[in-house]
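Below is one structure, written out as structure tokens; the observations come after it.
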Amino acid sequence: MKDIFKDVMGIAGVHGLMVITNEGSVLLSRFDPDYRREEEKLSQINWEPFTIEMNSIKDAEIVYDSARFYIKKRDTEFLIVIIGDNAPISMVRLNCEILLPLLKKIQPASKRIGNLLRKKIF
Amino acid sequence: MRPNVLIVDDDQAFLRLIQKDLEGFSESFNVLTADAGNAALELLKKTYVSFIVSDLRMPGMDGFEFLTIILKKFPDIPVYMMTSYDKPKTKDVVIKSGAAGYLKKPFTAIELFGEITKTLNKKAEGGSLHNVTLETFLQLIEMEQQTSTLRVVDKKEAQGGVLFFRNGELMNARVGDMQGKAAAYEILSWSNVSLSIEQDCVFQEKIIQGDLQAILLDAMRVKDELAEKNEMGDDAENSEILLDAPLSETEEDLAEAKFEPPVDRISTKKPETTVKVHPIKEAVELSKLSPIDTIRMKIKNSIGDRDGILDIFHDPNWDALIDQASNIGNAFNCGRLNVLYVNREKDDQFIIVPGEETTAISISADAPWDRIIDVLG
């Protein structure tokens, strides 16, 4: 799974990326070690109101003073890439086009943990 | 106006110490400090800085990342890198990365003062002229096909901008982190300015298209319109440039400097709307142009007629999304929400500008939305 995100995370200026379901659950989260604290804060957000507002989009970009959130929607998930203001955004967009079709292979973390527990217990 | 020198280091004790040590040179320059690269960039957007000294190793944005951003967004500001982790090749790497100089910690305030004055004197090497309007002076540069970097200080608003000329052609302009034609118009809208000249230009590529005469005419038209609307016109008799002398200031200059507001009292407050602060915008606000007209003018000035804009209107339907996006930005600690681009499934695209009233810009499929975001972001 790490390989899927390696190319995006390898782009200079990419701070992290997240995959969030339409219901607002965080499926996956990968961040640069310098942004662990921010990752933790983002994982605690209730994303559902945001995903509701973003329901009808194909893609979006949110520009802040010192970062940009690139958001791409698939059928059931949103891919969110967080980049610094000097990152090559076109490279991020291109890589996300490649990355998104691979997301169907990703399953929610909770389901995977459930499977693991089932194996251990039974 | 005394130049501002910015020192960036995550070591707060060092910042306090160096600031105190440099107090003795306060007649030559003001010392500003920032404890992180991001904080420094925020300060640079609002304050005109002439020289930067940055630590190499800092948590979060390190010195190299900071230097890269400065070279891109503020290419005229010389950056010295400093470090206590001096390895044999560190200096080479730092200089090759684009730094103007390198200082090994520990260093004395005298050493730093020497580097600062050497650099600042070079920035004002072009001498001085008086009683010439900015427009006339720029035309002289064009006629003489000069290569130079002009640092223009708007005395009225206590902020600065830079015009870059190569062989008499206006290559680029910068105000805060804004570059290009919009920045040039802004500088040319200033009436009461001082100017320093460096006989060099960092730009090889012409970023501002069009010739200087056309830009000057456009800028003068905008200036006249604003002056009429403001019914001010009181700057007309003061529209002369007074060039900044090099650091060896005369007593008269120093006396004048005493009337400048201290840097820490220069207003850095941004307006409620999210479009970046600059004099054109402030003048527009004064003249009671609507935020929609302001946005339209900014885009037109920067991109021209092929902006792909279909409509601009207030639309509160985006408020909930803006609230959510602001919350997310707060969690990531990445500053204020400036602008959103939304491409919807029905292939309609919008650029959303937060403000007292949310503004939606409907754009065509082939609109240069990236550039519009840059203008508004």
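The values are calculated or read from the model by the stated rules, or taken from the named source; none is laboratory data. Keep in mind it's a predicted model, so treat the numbers as computed, not measured. As a convention, Cβ positions derive from the backbone with ideal geometry for all residues, glycine included, and neighbour counts pool all protein chains shown. The protein model used for the area step is the full one, side chains on, heavy atoms only, and it has no ligands, DNA or RNA in it. Shrake-Rupley method; radii C 1.70, N 1.55, O 1.52, S 1.80 Å.
State all residues of the range B:18-49 that are part of a loop (DSSP other than H, G, I, E, B) and either open to solvent by 10 Å² or more (accessible area, probe 1.4 Å) or in contact with an Asp or Glu (Cβ under 7 Å, 6 or more places away or on another chain) (or both); if no residue qualifies, say none. Before the answer, list the steps.
Going residue by residue through the range B:18-49, those that are part of a loop (DSSP other than H, G, I, E, B) are B:26-29, B:35-36, B:47-49.
Answer for the range B:18-49, where residues must be part of a loop (DSSP other than H, G, I, E, B) and either open to solvent by 10 Å² or more (accessible area, probe 1.4 Å) or in contact with an Asp or Glu (Cβ under 7 Å, 6 or more places away or on another chain) (or both): B:SER26, B:GLU27, B:SER28, B:ASP35, B:ALA36, B:THR47, B:TYR48.
If we keep just the residues of the range A:1-42 that are of a type in the set (Ser, Thr, Tyr) and outside any strand (DSSP E or B), which is least open to solvent (accessible area, probe 1.4 Å)?
Just the residues of the range A:1-42 that are of a type in the set (Ser, Thr, Tyr), to begin with: A:21, A:25, A:29, A:35.
When the remaining residues are screened for being outside any strand (DSSP E or B), the result is A:25, A:35.
On the way: A:SER25: 63, A:TYR35: 37 Å².
Looking at the filtered set, the residue picked out is A:TYR35.
Checked against (1) away from chain A (no Cβ under 11 Å); (2) open to solvent by 30 Å² or more (accessible area, probe 1.4 Å), B:SER364 meets all criteria but (2). Among the candidates B:ASN317, B:ASN338, B:ASN301, the residue that is of a type outside the set (D, E, K, R) and under 15 Å from A:PHE69 (Cα atoms) is uniquely B:ASN338. Taking the criterion of being buried (at least 21 other Cβ atoms within 10 Å of the Cβ) and at the interface with chain B (Cβ under 7 Å from one of its Cβ atoms), the only residue of the range A:43-53 that qualifies is A:PHE50.
Restricting the range B:323-342 to residues that are of a type in the set (Gly, Ala, Ser) and touching a residue at least 12 places away in the same chain (Cβ under 8 Å) leaves a set whose member that is farthest from the other protein chains (Cβ to nearest Cβ) is B:SER326.
Of the residues making up the range A:71-90, at least one is assigned to a helix (DSSP H, G or I), closer than 17 Å to A:VAL14 by Cβ and modelled with pLDDT under 90.
Checking each residue in the range B:188-212 for being assigned to a helix (DSSP H, G or I) and either touching a Leu at 6+ places or on another chain (Cβ under 6 Å) or free of Cβ contacts under 8 Å to residues at least 40 places away in the same chain (or both) picks out only B:LEU212. Within the range B:1-14, is even one residue basic (Lys, Arg) and more than 14 Å from every other protein chain (Cβ to nearest Cβ)? So far as the range B:1-14 goes, yes, one or more of its residues are basic (Lys, Arg) and more than 14 Å from every other protein chain (Cβ to nearest Cβ).
Do we have any residue at all in the range B:9-29 that's more than 15 Å from the chain's Cα centre (by Cα) and within 18 Å of B:GLY176 (Cα to Cα)? No: zero hits. Selection of the range A:74-90 for residues being surrounded by fewer than 22 Cβ atoms within 10 Å (Cβ to Cβ), closer than 23 Å to B:ALA365 by Cα and under 16 Å from the mean Cα position of the chain (by Cα) yields A:ARG74, A:ASP75, A:ILE89.
In the range B:109-116, the count of residues that are open to solvent by less than 40 Å² (accessible area, probe 1.4 Å) and modelled with pLDDT under 85 is one or more.
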